[in-house]
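First the structure, in the form of C-alpha cells, and then the observations on it.
The values are calculated or read from the model by the stated rules, or taken from the named source; none is laboratory data. Small disclaimer: the values here were computed from a predicted structure and weren't measured. Neighbour counts run over all protein chains shown; Cβ positions are idealised from the backbone, glycine included. Accessible surface is based on the protein model in full, side chains and every heavy atom, while ligands, DNA and RNA are left aside. Shrake-Rupley method; radii C 1.70, N 1.55, O 1.52, S 1.80 Å.
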Amino acid sequence: MQTDVVVIGAGAAGLMCAFTAAARGRQVLLIDHANKAGKKILMSGGGRCNFTNLYTEPANFLSGNPHFCKSALARYTQWDFIEMVSRHGVPYHEKKLGQLFCDNKASDILGMLLDECEQAGVDLRLDTAVQQIDKAEAGYQLQTDAGPVTCQSLVIATGGLSIPTLGASGFGYQVARQFGHTLLPTRAGLVPFTITEPQLKAMCEALSGTSVEDCLVSCNGQSFRENILFTHRGLSGPAILQVSSYWEPGDAIEVNLLPHLNLSEWLDEQRRERPNTELKTLLGELFTRKMAGLLAEHWFTSKPLKQYSANELTEIAERLACWRLVPAGTEGYRTAEVTLGGVDTREVSSKTMESQKSPGLYFVGEVLDVTGHLGGFNFQWAWASGYAAAQYV
C-alpha cells in the first residue's frame, strides 16, 4: 500500500493531525495498535474530557526548551478548538480556572474528532501494530499487521508512558532513537504522591477519600492553589498532581492547609471571643470532624483555647500554614496523567514538528518533551502540535 501520510497513534494529537492533513487533500492512513481510538480522551476529566483551557499560554507548559511550544500554540489556539466544539454542537461548561469540560460525556469529543476524520477521508485502521520502519527512497517503508505501507511523511503521535493499561508504550521513543534523536529522561507527571512514614501514612489511610478544598502546595519554587485529596497510599488532588511535575525524589513539599486565613490573627480572635472552645472543635469548623480530630491527635494537644499561650497559638498557625513533608515517591506511570521528558525538542522544528535528523518524520503530542499543567493544557498541546504538523506533511 502507498499513501501520502501515515500517522501512528489515534489519540488526541494523531486524530487532529490526520483529519487536518486529509482536509488539505493529503491521502492519510491513521493506524493504532489498540482496538479503539482515543482511549485516553474517553477517561479524561473523570469521563467528561477537560478538552482545553481558556487561559492557555506557554507559561503553562514544562519543557527543557521552554520556547518550543509558542509557535504551535499561537497558530492553533484554544479558541480554534472551542469553535470546532461549538460547530459540532457539543455542549460544554467552564468548571473552574478556565477548564472546559463536556456537559455530557468525553465520547462527545472523540465522536467529533472521528466525524472530522470520516468527512476528510482518513483511512483509520485499529488493531494494527507496526513491526518495522525503514527509510525509503522518498519517505518511509513500514511493515504492519495490514501489510507493507510506503509513505512520504510519517507522523509519530504515540504519546508517552502514562497509564499503560490504556495501551501506552515506549514505541514513539524507539522510533526517535532509531532515527538519531536524543531522548530526555522520562518520568511520571501529574501523579499522586505515596507516603511511607508510619504516622503520616496512618493518618492518610484514616482520611482516605477526604478532600481539603483550598490549599497552597509548593515545591522547588512552584506553587499551586487547589484541592488536595488524602488517599490510602498518600496524597492526591489537583494541587498535588500539579506540583508533582516539579518534584524530585527526596524533595520536601510544603502545604498551606488554609491559605485564605491569616491563622495567627484568626486563632487569637477566636481565643478572645470563644475562650472555652476546644481546639479540635474549632478545627472541625475548618476541616471535616474526622480530620480535625486526627490533626489534634497527631499534631497538637487539644484543649480549650484560653489555655494556650500566644506562642503556642502561633506554633499551631505555623503548622497548619506550613505542613512540610517528604513523599516517599509517586504512584508512577500506572496513574500518572502525563509523561515528563521525551523527544528533545531542540532536534524538532517548532513550526512544523518535523525532525531535524530525518526529513519527512514528524513528532506530535506527548511523545515530545512538552508537558502541560493540569486542566486541559495537555489536550491543547495535542491539538496545536497535531495541527502544526498537518500543515506540512
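For the stretch 240-300 and the stretch 40-97, write down the distance between their C-alpha centroids in whole Å.
34 Å
For the chain, what does -39500 (n - 2.57) per DSSP helix run (n ≥ 4), summed and divided by total residues, give at 222 nm, in deg cm²/dmol to the nearest 500?
Numbers: 13 runs with 123 residues, N = 393.
Helices in the chain give a 222 nm mean residue ellipticity of -9000 deg cm²/dmol.
What distance in nm lies between label points placed 7 Å from Cα along the C-beta direction at residue 309 and residue 223?
3.0 nm
Rounded to whole Hz and in sequence order, give me ³J(HN,Hα) for the stretch 68-76 from the Karplus expression 6.51 cos²θ - 1.76 cosθ + 1.60, θ = phi - 60°, writing x for Gly and Pro.
With the stated coefficients, the stretch 68-76 comes to 4, 6, 4, 4, 5, 5, 6, 8, 9 Hz.
Please list 228-237, 305-314, 70-79, 14-23 highest first by mean number of surrounding beta-carbon atoms within 10 Å per residue.
Values: 228-237: 21.0, 305-314: 14.0, 70-79: 17.5, 14-23: 27.4.
Highest to lowest by the protection proxy: 14-23, 228-237, 70-79, 305-314.
Could you tell me the relative contact order of the chain? Use alpha-carbon pairs under 8 Å, at least six residues apart, and round to a whole percent.
Details: 879 pairs, mean separation 99.2, N = 393.
Relative contact order for the chain comes out at 25 percent.
Using only Cα positions of the stretch 43-141, each an equal point scatterer, no hydration layer, compute I(q)/I(0) via Debye at q = 0.16, 0.19, 0.21, 0.22 Å⁻¹ and quote the log10 values to two decimals.
-0.92, -1.06, -1.11, -1.13
Could you size up the charge dipole of the stretch 128-244 around its Cα centre, putting +1 on the beta carbon of Lys and Arg and -1 on that of Asp and Glu, and report it in debye to the nearest 20? Please list the in-between numbers first.
Values: 6 positive and 8 negative charges, 44 e Å.
Charge dipole, the stretch 128-244, about its Cα centre: 200 debye, nearest 20.
Report, in whole Å, the centroid distance computed from the Cα atoms of the stretch 354-388 and the stretch 116-154.
Spelled out, the Cα-based centre of one part sits 19 Å from the other.
Contour minus end-to-end for residue 177 and residue 196, with contour as 0.36 nm per residue of separation and end-to-end as the Cα-Cα distance? Before the final figure, lay out each step's value.
Details: separation 19, 0.36 × 19 = 6.84 nm, distance 3.67 nm.
My answer for the length gained is 3.2 nm.
If you count only protein heavy atoms with a 1.4 Å probe, what accessible area per residue comes out for the chain, rounded to a whole Å²? Could you put the intermediate results ahead of the total?
On the way: 16400 Å² over 393 residues.
Result: 42 Å² per residue.
Ranked highest first by the average count of other Cβ atoms within 10 Å around their residues, in what order do 346-352, 171-177 fall? Write down the numbers at each step before the final one.
Values: 346-352: 17.4, 171-177: 20.0.
Order by mean packing, descending: 171-177, 346-352.
For residue 131 and residue 351, FRET efficiency with R0 = 35 Å and r from the beta-carbon atoms, rounded to 0.05? Mind showing how you got there, number by number?
Numbers: r = 32 Å, r/R0 = 0.91.
So, using R0 = 35 Å, E works out to roughly 0.65.
Of the listed peptides 5-13, 82-90, 277-285, what is their order by residue-averaged count of other C-beta atoms within 10 Å, with the highest listed first?
Numbers: 5-13: 29.2, 82-90: 13.6, 277-285: 18.2.
The peptides rank, most packed first, as 5-13, 277-285, 82-90.
If you find the alpha carbon centre of the stretch 158-182 and of the stretch 304-352, how far apart are they in angstrom?
First find each Cα centre; the distance between them is then 28 Å.
Enumerate the calculated ³J(HN,Hα) couplings along the stretch 332-348 in order (Karplus 6.51 cos²θ - 1.76 cosθ + 1.60, θ = phi - 60°), each rounded to whole Hz, writing x wherever the residue is Gly or Pro.
After applying 6.51 cos²θ - 1.76 cosθ + 1.60, I find x, 4, 3, 10, 5, 7, 9, 10, 7, x, x, 5, 5, 6, 5, 10, 10 Hz.
Tell me the relative contact order for the stretch 1-112 as a rounded percent, counting alpha carbon contacts under 8 Å between residues six or more apart. Mind dumping the intermediate values first?
Details: 138 pairs, mean separation 29.7, N = 112.
Value for the stretch 1-112: 27 percent.
Between 170, 252, 313, whose Cα lies farthest towards the positive end of the dipole of the chain when Lys and Arg beta carbons carry +1 and Asp and Glu beta carbons carry -1, centred on the Cα centre?
313
Can you give me the % of accessible surface on the stretch 31-163 that is carbon or sulfur? Probe 1.4 Å, all protein chains present, nothing else counted. All intermediate terms of the calculation are to be shown ahead of the outcome.
On the way: 2990 of 6110 Å².
About 49 percent, which is the carbon plus sulfur part of the accessible surface.
If you place +1 on the Cβ of every Lys and Arg and -1 on the Cβ of every Asp and Glu, how big does the dipole about the Cα centre of the chain come out, in debye to the nearest 20?
Values: 33 positive and 41 negative charges, 42 e Å.
The calculation lands at about 200 debye.
Which listed residue (299, 327, 363) has the Cα farthest towards the positive end of the charge dipole for the chain, taking +1 on Lys and Arg C-beta and -1 on Asp and Glu C-beta about the Cα centre?
Positive-end residue among those listed: 299.
Between Rg and the Kirkwood Rh of the stretch 302-393, both from Cα atoms, what is the Rg to Rh ratio?
Numbers: Rg = 23.7 Å, Rh = 17.3 Å.
Result for the stretch 302-393 is an Rg/Rh of 1.37.
Please name which of 153, 204, 188 has its Cα lying farthest along the dipole of the stretch 93-235 towards the positive end, using unit charges on Cβ (Lys, Arg +1; Asp, Glu -1) and the Cα centre as origin.
204
Can you give the charge dipole size of the stretch 41-145 about its Cα centre, rounded to the nearest 20 debye, using +1 on the beta carbon of Lys and Arg and -1 on the beta carbon of Asp and Glu? All intermediate terms of the calculation are to be shown ahead of the outcome.
Details: 9 positive and 14 negative charges, 104 e Å.
Dipole of the stretch 41-145, to the nearest 20 debye: 500 debye.
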